[in-house]
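> First, the structure itself, so that you have it in front of you.
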Amino acid sequence: MRAVICGANGAMGKLLCQKLGEAVVGRVSADGGNGVPRTFEDLGEVKADVVIDFSHHTAVSAVLAYAKKIGAAAVIGTTGHTAGELDLIHQAAREMPVFFSGNMSLGIAVLCRLAKEAAGYFPDADIEIVETHHNRKVDAPSGTAKMIFSAIQEVRPQAVAHCGRAGEGKRGKDEIGIASLRLGSVVGIHEVVIHTGSQILTLKHEAVSREMFADGAVEAARFMLGKGPGLYNIESTLH
């Protein structure tokens, strides 16, 4: 596998470069540090199987365009995308292989599947999602919390996300609350609480190291080898 890393000077980018070693055939970083090209234009065309992006969601257009140009798959590891950027991702997936996931952890993929299954068993239960991250995270709710909500929505199509509670008003029957906590250096904790009225079921995943996300991105990149056009995510790797 040959990979281009976008955001190569960031924490995740450095981890990926370490893990992939000689498989990294190109690096890009907006800061230009360590002699790394700032843009894909500065890098030039290289022969690669995949472009892995852990830079910033605003770079997604350039990442997709470059991957398409060199005939590579794109693995998008950023979160916080605007509606327009999400539309770009879905459009690109019609013409090229794109892996896009709010979380690169296999454990989160399992959590999403379990949450969906549990919601199906308890169709009338109240469900809340609580996500906790470090105090430097800029987007809320997390991309992972949105993934969990979307998974539950597959069996509860009428569900409505309620992000953060304030003011007056009873909890709506179709609401799924999403609460965001920002504390210290927490890597990531996601909990799904299901209350049936007579019992409470709690599903929880905790990331203890950012290395988990790098491992997931490497597995995602390998998974994408030989894939045709389409939109893939971390749950795709479970099949």
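Derivation of every value follows stated rules applied to the coordinates shown; laboratory data play no part. Owing to the predicted nature of the structure, the values given are computational and were not obtained by experimental measurement. Every residue, glycine among them, receives a Cβ derived from its backbone with ideal geometry; neighbour counts consider all protein chains shown.
> Tell me, what is the percent relative contact order of the chain, built from C-alpha pairs under 8 Å that lie six or more residues apart? Let's see the in-between values first.
Values: 469 pairs, mean separation 52.2, N = 239.
Contact order relative to length: 22 percent.
> Starting with the highest mean, order 150-156, 100-106, 190-196 by the number of other Cβ atoms within 10 Å, averaged over the residues of each peptide. Walk me through the intermediate numbers first.
On the way: 150-156: 17.0, 100-106: 23.3, 190-196: 19.1.
Put in order of decreasing packing, that is 100-106, 190-196, 150-156.
> Okay, moving on. Can you list residues whose amide H is under 5 Å from MET96's amide H, if they're 5+ apart or on another chain and H is modeled 1.01 Å from N?
Hits under the 5 Å cutoff: GLY230.
> Hey, how many Å between the Cα centroid of segment 223-239 and the Cα centroid of segment 1-55?
21
> Which aspartates and glutamates, if any, have their Cα less than 15 Å from the Cα of LYS14, not counting same-chain residues under 8 positions apart?
GLU22, ASP31, ASP53, GLU211, ASP215
> Using helices alone, I'd like the mean residue ellipticity at 222 nm for the chain: each DSSP H run of four-plus residues gives -39500 (n - 2.57), total over residue count, nearest 500. Before the final figure, lay out each step's value.
Values: 7 runs with 76 residues, N = 239.
Dividing the helical sum by the residues of the chain leaves -9500 deg cm²/dmol.
> Would you mind telling me which residue in GLY177, GLY84, GLY216 has the biggest mean-square fluctuation in a Gaussian network model of the chain, where springs connect alpha carbons within a distance under 10 angstrom?
GLY84
> Now, a different point. Hey, what do the phi angles of segment 93-106 turn into as Karplus ³J(HN,Hα) couplings, whole Hz, using 6.51/-1.76/1.60 and θ = phi - 60°, x for Gly and Pro?
5, 6, 10, 8, x, 10, 9, 9, 8, x, 7, 8, 8, 5
> Where both residues lie in the chain, what percent of DSSP beta bridges are antiparallel, nearest 5? Intermediate results must be reported in sequence, preceding the final value.
On the way: 15 of 44 bridges.
Rounded to the nearest five, the antiparallel share is 35 percent.
> If one takes the longest principal axis of the Cα atoms in the chain, at what angle in degrees, from 0 to 90 and to the nearest 10, does the Cα axis of helix 83-92 lie?
60
> Shifting gears a bit: Take the Cα radius of gyration of segment 1-92 and divide it by 2.2 N^0.38 Å, with N its residue count; two decimals is plenty.
Values: Rg = 12.1 Å, N = 92, 2.2 N^0.38 = 12.3 Å.
Segment 1-92 yields a ratio of 0.99.
> So which trypsin sites (Lys or Arg not before Pro) in segment 17-102 end up in coil per DSSP with only 14 or fewer other C-beta atoms within 10 Å? Could you put the intermediate results ahead of the total?
Numbers: sites: LYS19, ARG27, ARG38, LYS47, LYS68, LYS69, ARG94; in loops: ARG38, LYS47, ARG94.
Passing both the DSSP loop test and the Cβ count: ARG38, LYS47, ARG94.
> Now for a different question. Lys and Arg at +1, Asp and Glu at -1: add these up for the other residues within a Cβ distance under 12 Å of ASP215 and post the number.
Summing Lys and Arg as +1 and Asp and Glu as -1 gives +1.
> Follow-up question, since we're still on this one. By a straight-distance test (C-alpha under 16 Å), which lysines pair with LYS146 as possible cross-link partners, with residues fewer than eight away in the same chain excluded?
Those lysines meeting the cut-off are LYS116, LYS137, LYS204.
> Let me ask something additional. Would you give the gap between the C-alpha center of segment 127-190 and the C-alpha center of segment 191-208, rounded to a whole Å?
Each part reduced to its Cα centre gives a spacing of 13 Å.
> Let me check against my output: what whole-number percent is the relative contact order of segment 95-180, with C-alpha pairs under 8 Å and at least 6 apart? Working shown, then result.
Working: 92 pairs, mean separation 31.7, N = 86.
Relative contact order, segment 95-180: 37 percent.
> Could you tell me what a quarter of the Cα convex hull surface of segment 156-239 works out to, in nm² with one decimal place? It would help to have the intermediate numbers written out before the result.
Working: hull surface 36.2 nm².
Taking a quarter of the hull surface, the average projection is 9.0 nm².
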